Amino acid sequence: MNVAVIGIGRIGLPLAVTIASRGHRVTGCDIDADRVARINRAENPLPDEAGLGDLLARTIADGSFRATTDTAAGVRDAAVILFAVRVDVDADGRADLSHLLAAVDTVAPALTPGALCIFDTTLPVGTTRRVLAPRLERGGRRLGEDLHVAFSPERLLMGRVIEDLTKYPKVVGGVDPEGGRLAADFYRQTFGGEVLLLSSAEAAELSKLAEGAYRDLNIALANELAMVADVHGLDIAEVIRAANSQPYSHIHVPGTGVGGHCIPVYPRFLMQGEGPSALSALGRAVNDAMPGYVVRRLAALLGGLEGRRVLVLGLTFRPDVAVTFHTNAVDLRRELEALGARVEGHDPLLTPEGIASLGFARAAEPLAGYDAAIVHSYHRAYAGLDWARIAPVVVDARNALDRAAVEAAGVRYLGVGRPPTPAS
């Protein structure tokens, strides 16, 4: 079967080469000419994505996968078109569909009769039926006759996309009944895992938003409990371990907010006015406030931050993945600078230009002589750091460090919802 994947970025490229490796002929379409050229040379643009390099090299070599900037040509003979175009939020917190709509408008006139279009992304409820399917029909095809449309949200973690494609059930919902059935059959044949065919595209859209809102609210609860623990001088890690020993409790880990493509974004799709969203808004408010809360705790510990040199370690949104979308490292920098600190950033996964693009002065090697260090993303490369040389105080922004090891180095430890090491 000929398949086209629209958008070959963090999700689309691993998805495309995996489908190609399963016996389909896949064309990846993207507007980034440099990325397309590199991919066609079998150069992996995502070295932190497990297994991608080998699959890309193999599928390029055997001709089952190719990339192009000519999207219309790329979809002309495709029986299935997967849209993996990222949807973000605009300045008002509403879904920004501009890139996805541009892709749809390019694809619509080139669709082959009977084509199945699947939106493999995350969208506000009703978007597939009310916005995207009608735009596809503008190309001359009629929904339910010679055009079928379905929604199937990505349920993937960056860094292990290929593994996750078959790890979790694939959720599918059709705009037209045949679209749902065809999409479910396609995923069963391609990935061989469980497929949950829901009653509609709207049900599938809401299921994805439910996942994101649950995680955001769970983290907000963990963060609120951490602040209670701080009031009473308790260690939230101990408290959560005890709570989670009960099988109905699954409290997550507190930290300085939530970053990335997903969790900070998708609850806002519920907050656009299509239904009640007070709880989602509250979770967002709690998590968005955490960088400032942690910086104020550090300021209290040091007796102020005016003129203090502070190092932020790990600027990506999570460890060992070179992605900076909505990273809370930027929020930490802003809060630190607001209290007069002189802030530098370090991240082994980013180029000097990437560090500068986040507004950080780049930390010079060797890392030493700071008044405090904040570990935002604890990359594997940081496992052997000499904490005593770096700073006398280390803030564990994700409660990811070995507290005993930090204190054994003679350094004061401060976690989120964890008492600081007493002054010696």
Can you divide the C-alpha Rg of the range 2-199 by 2.2 N^0.38 Å and report the result to two decimal places? 0.95
At q = 0.21 Å⁻¹, base-10 log of I(q)/I(0) for the range 20-110 (Debye sum, equal scatterers on each alpha carbon): -1.11
Taking only Cα atoms, what is the 0 to 90° angle, nearest 10, from helix 177-191's long axis to the longest principal axis of the chain? 70 degrees
Considering the dipole of the range 290-415 built from charges on the beta carbon (Lys and Arg +1, Asp and Glu -1) around the Cα centre, which of A322, S357, L301 is farthest to its positive end? L301
Given a cut-off of under 8 Å on Cα pairs at least six residues apart, what relative contact order in percent is computed for the chain? 11 percent
Measuring from label point to label point, each 7 Å out along Cα→Cβ, what is the A383 to A281 span in nm? 4.5 nm
Helix axis angle, 328-338 relative to the chain longest principal axis, alpha carbon, degrees: 40 degrees
Specify the angular offset, from 0 to 90 degrees and rounded to the nearest 10, of the alpha carbon long axis of helix 12-21 from the longest principal axis of the alpha carbons in the chain. 50 degrees
Neighbour-count order for R129, R284, fewest beta carbons within 10 angstrom listed first: R129, R284
Distant alpha-carbon pairs in the range 328-424 (separation over 22 angstrom), percent: 26 percent
Taking Rh as the Kirkwood radius computed over alpha-carbon pairs of the range 143-251 and applying Stokes-Einstein at 37 °C with viscosity 0.692 mPa s, one gets a diffusion coefficient in µm² s⁻¹ of 199 µm²/s
Can you list residues from other chains, or at least 5 along the same chain, whose modelled amide H is less than 5 Å from the amide H of T256? none
Restricting the calculation to Cα positions, tell me the Rg (one decimal) and the Dmax (whole number) of the chain in Å. 23.4, 76
In whole Å and largest first, what semi-axes does the C-alpha gyration tensor of the range 292-337 yield when each eigenvalue is scaled by 5 and square-rooted? 23, 10, 9
Which whole-number percentage describes the relative contact order of the range 280-417, with Cα contacts under 8 Å and a sequence gap of 6 or more? 23 percent
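All of the numbers you see were taken from the coordinates with simple rules; none came from a lab. Just so it is clear, the structure is predicted and the values come from calculations on it, not from any experiment. Positions of Cβ are generated from backbone atoms using ideal geometry, with glycine treated the same way; all protein chains shown enter the neighbour counts.
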